[in-house]
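The values are calculated or read from the model by the stated rules, or taken from the named source; none is laboratory data. Just so you know, these numbers come straight off a predicted model, no measurement behind them. For neighbour counting, all protein chains shown are included, and Cβ atoms are generated from backbone atoms with ideal geometry for every residue, glycine included. When the accessible area is computed, the model is the full protein with side chains, heavy atoms only, and any ligands, DNA or RNA have been set aside. Shrake-Rupley method; radii C 1.70, N 1.55, O 1.52, S 1.80 Å.
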Amino acid sequence: MRTDTSDLGTRARLEELREQIRHHDYRYYVLDSPEISDAEYDALFRELRGLEEAYPEFVTPDSPTQRVGGEPLAAFGQVRHAEPMLSLANAKDEHELAAWHARVVKLVSEAGFEPAGLRFTLEPKIDGLAVSLRYEGGRFVTGATRGNGRVGEDVTQNLRTIAALPLSMRPDSDPPPPVVEVRGEVYLPLAAFERFNEQRIAAGEPTFANPRNAAAGSLRQLDPRVTATRPLSMWTYGVGYVEGDLFATQWQVLGWLRERGFRVNPDVRTADTLEELVTVCRDWEARRADLDYDIDGVVIKVDSRRMQVALGTVGRDPRWAVAFKFAPTTAQTRLVRIGINVGRTGTLNPYAVLEPVQVGGVTVGLATLHNEEDILRKDLREGDVVIVQRAGDVIPQVVSPLTDLRDGSERPFRMPEACPSCGTGVVRTPGEVAVRCPNFDCPAKLVETLKHFVSRGAMDIEGVGEKLVQRFFDLGMVRDPADLYHLGYEHLIGLEGFQDKSTRNVLAAIEASKGRSFERVVFALGIPHVGGQTAALIAGRFPSMAELRAAEPETIAAVEGVGPIIAQSVAAYFRDPRNADLVDRLAAAGVRMEAERRAVPPSAGPLTGKTFVLTGVLPTLSREEATALIERAGGRVTGSVSARTDYVLVGDSPGSKLAKAEKLGVALLDEAGLGELLEDG
Ligand code: IVH
């Protein structure tokens, strides 16, 4: 038997630790503003857990260690809400909101209130799971889902695992009410949702379609230890049954919840007029994409509780509140068929042909489907009813099929074995999800290559867009990018839509494109895996087509930001004589094949203003090292010898550059000579 005095000391320390941990939980999970480091917090928590292990008789149910305690349940019990959980009528646009507002004004006047005293609160409508939390004497006792509004499921054990939920209310000058039902919404933050789905993909488990489903699935786990691993959070926004007459307004309710340690959205607002209501709703809608949680609208409530009582409830919906709904970003429609596009590099890209449907205020008839693997993973079948999503300005996506609505007529997807454009058998590269048409002359690939070449980010040929290159191709006038430069006035004039002026404009635009930067030319070729940024990196290191063509994959891969796959792809591109021929013809047409000036002004040094060309193998320095030394000293390294070259740095087995340098009388240097120059300039 321990002595009373030591027990007293232990109990005091236990209570102190719990107080401190509760305080830090509150700072961290509710206010989002921690005061101590994770390590300091962990130390407090460890001490508490250690003491409670030694003195299990002093463990209290609201101790921070007791969030995950319960055993798995066989089924959820039922909880009768002391006050029913209501739902909300919707206002889907400003007209419906105005109608609701007008009715509220009319009804409160009829009830004898001064309509000028009308005020509203506006709260985000969180797209999660409504819960009711019963506190007795300030302690959390039961928590339940909404259920049918009167009776819900007892998910107390799971709710206890949510760190933003206070197990006991923060003390205040007044004692806590004997009984109060706190109402709020449990949700999964978007970042957590994405991480969670990625983990499920990695584990081969089915993903959740949206954060709401993930939150609902997490809260309805029979084993609270599973729920504890899901990073759920919550916002509170109201009270149900409460003993005592505590609040005159909804605004006071929100303030009280905050003081008592509950998480209340910091952006709740009040408004007095319809105009203000509309402004605040539009504000929320505009900010929607920046939030770390899904909201599907704004909840508008009459602020005065007395007015609320006077307005009353019809059926399930209180007349004193309304949900202003945003345009939905998802919709249901039928997936009519899966089509296939052949991309520039020959990849077969599936896309969804949909029965047109309104999503987020836009009619959507087509959506991307990424690749075969994605379709099979989602089990999308032609004929399925599907969920389509459009977020912000991104391309619409097909999220999932509604498998319950299948009638057996749906057709599972199979990637075609032959290219839909040219009929050539497709190839699958092991380790790659893409399926490709290997035919160099596939019409779809040729046209896509042309479209890419003329596009804004590539050669930017104004007036020559996707439609026009398609026409040129169909008419047999242009087959590859080099053909564009052989178009003459006589070819274009007389084509539909081509007058004298437009013909001259198009020809001038094509001519002007010859002067595009070298990195744009590299990008415009459409080498697989070489995007705009990669093209810039490559052109920075190999400032002429001649050098790039001669480069070994290993040298290309040595460029920072360029991996081995890209390097192989570049080398393979130039190895193909048909590509080499295209590049030769572009060069012959006058397209720039060399970088003109360094984008970054050279640093000042002993070699400032001097131009170098490297040829052959140097005794100790690699080409990269020599280039770096020259550039660091302010010099410039170019690919070919001209009259403007100051020095040619010659190593073993030099190439034709040496002969050219001799012919032009350019100064020759060896590695030692470079060393001297670097020292003296
Ligand atoms: S008040 C007054 N306030 O919306 C009536 N509900 O359709 C009861 N919700 O079941 C709800 N945010 O799940 C209220 N700030 C908020 C809300 C909110 C989300 C949900 C809640 C409720 C549903 C009503």
Can you confirm whether TYR29 is open to solvent by 70 Å² or more (accessible area, probe 1.4 Å) and touching a residue at least 24 places away in the same chain (Cβ under 8 Å)?
yes
Would you pick out the residues in the range 50-71 that are surrounded by 14 or more Cβ atoms within 10 Å (Cβ to Cβ) and part of a helix (DSSP H, G or I)?
LEU51, GLU52, PHE58, PRO64, THR65, GLN66
For the structure I just gave you, tell me whether LEU621 is assigned to a loop (DSSP other than H, G, I, E, B), at pLDDT below 85, buried (at least 17 other Cβ atoms within 10 Å of the Cβ) and out of contact with any Phe, Trp or Tyr (no Cβ under 7 Å at 6 or more places or on another chain).
yes
The range 47-88: number of residues that are within 16 Å of the ligand (Cβ to nearest atom) and either small (Gly, Ala, Ser) or farther than 23 Å from GLY137 by Cβ (or both):
5
Condition met for SER168 (among the hydroxyl-bearing types (Ser, Thr, Tyr), surrounded by fewer than 13 Cβ atoms within 10 Å (Cβ to Cβ) and within 29 Å of TYR41 (Cα to Cα))
no
Enumeration of residues in the range 633-681 that are among the polar types (S, T, N, Q) and not in a loop (DSSP other than H, G, I, E, B)
THR638, SER656
Which ones in the range 181-194 are out of contact with any helix residue (DSSP H, G or I) (no Cβ under 7 Å at 6 or more places or on another chain) and away from the ligand (no atom under 16 Å from the Cβ)?
ALA191, ALA192, GLU194
Across the range 110-150, the tally of residues that are in contact with a Leu (Cβ under 7 Å, 6 or more places away or on another chain), open to solvent by 10 Å² or more (accessible area, probe 1.4 Å) and of a type in the set (Phe, Trp, Tyr) stands at 1
Given (1) surrounded by fewer than 13 Cβ atoms within 10 Å (Cβ to Cβ); (2) away from the ligand (no atom under 16 Å from the Cβ); (3) farther than 22 Å from GLU259 by Cβ; (4) not β-branched (Val, Ile, Thr), identify the lone condition not met by ASP174.
(3)
The condition from (1) in contact with a Leu (Cβ under 9 Å, 6 or more places away or on another chain); (2) not in a strand (DSSP E or B) that GLU181 misses is numbered (2)
Expected single match for out of contact with any Pro (no Cβ under 7 Å at 6 or more places or on another chain) and either more than 24 Å from ARG456 (Cβ to Cβ) or surrounded by 14 or more Cβ atoms within 10 Å (Cβ to Cβ) (or both) among GLY531, GLY563 is GLY563
Unmet requirement for TRP320, which otherwise passes all of (1) within 11 Å of the ligand (Cβ to nearest atom); (2) more than 37 Å from the chain's Cα centre (by Cα); (3) surrounded by fewer than 19 Cβ atoms within 10 Å (Cβ to Cβ); (4) not β-branched (Val, Ile, Thr):
(3)
Can you tell me which of ALA444, ALA482 is crowded, with 19+ Cβ neighbours inside 10 Å, under 30 Å from MET593 (Cβ atoms), touching a residue at least 40 places away in the same chain (Cβ under 8 Å) and under 37 Å from the mean Cα position of the chain (by Cα)?
ALA444
Name the residues in the range 53-107 that are closer than 30 Å to GLY117 by Cβ and among the β-branched types (Val, Ile, Thr), would you?
VAL104, VAL105
Enumeration of residues in the range 140-161 that are more than 23 Å from GLY297 (Cα to Cα) and within 16 Å of the ligand (Cβ to nearest atom):
GLY143, ALA144, ARG150, VAL151, GLY152, GLU153, VAL155, LEU159
Which condition breaks for LEU122 when tested against (1) more than 16 Å from the ligand (Cβ to nearest atom); (2) under 37 Å from the mean Cα position of the chain (by Cα); (3) not in a loop (DSSP other than H, G, I, E, B)?
(1)
Given the conditions (1) buried (at least 18 other Cβ atoms within 10 Å of the Cβ); (2) without any contact (Cβ under 8 Å) to a residue 12 or more places away in the chain; (3) among the aliphatic types (A, V, I, L, M), which single one is not true for LEU607?
(2)
Of the conditions (1) closer than 20 Å to ARG344 by Cβ; (2) open to solvent by less than 10 Å² (accessible area, probe 1.4 Å), PHE518 clears all except one; give me its number.
(1)
Considering the range 282-317, residues that are part of a loop (DSSP other than H, G, I, E, B) and among the acidic types (Asp, Glu), and then whichever is nearest to the ligand (Cβ to nearest atom), we arrive at ASP294
Can you pull out every residue in the range 218-267 that is in a helix (DSSP H, G or I), more than 14 Å from the ligand (Cβ to nearest atom) and aliphatic (A, V, I, L, M)?
VAL226, ALA228
So ARG13, is it in a helix (DSSP H, G or I), under 30 Å from MET169 (Cβ atoms), touching a residue at least 60 places away in the same chain (Cβ under 8 Å) and open to solvent by 30 Å² or more (accessible area, probe 1.4 Å)
no
Of those in the range 125-139 that are in a loop (DSSP other than H, G, I, E, B) and more than 12 Å from the ligand (Cβ to nearest atom), the residue nearest to GLY217 (Cα to Cα) is GLY138
How many residues does the range 498-515 hold that are assigned to a loop (DSSP other than H, G, I, E, B) and either of a type in the set (Asp, Glu) or open to solvent by 60 Å² or more (accessible area, probe 1.4 Å) (or both)?
1
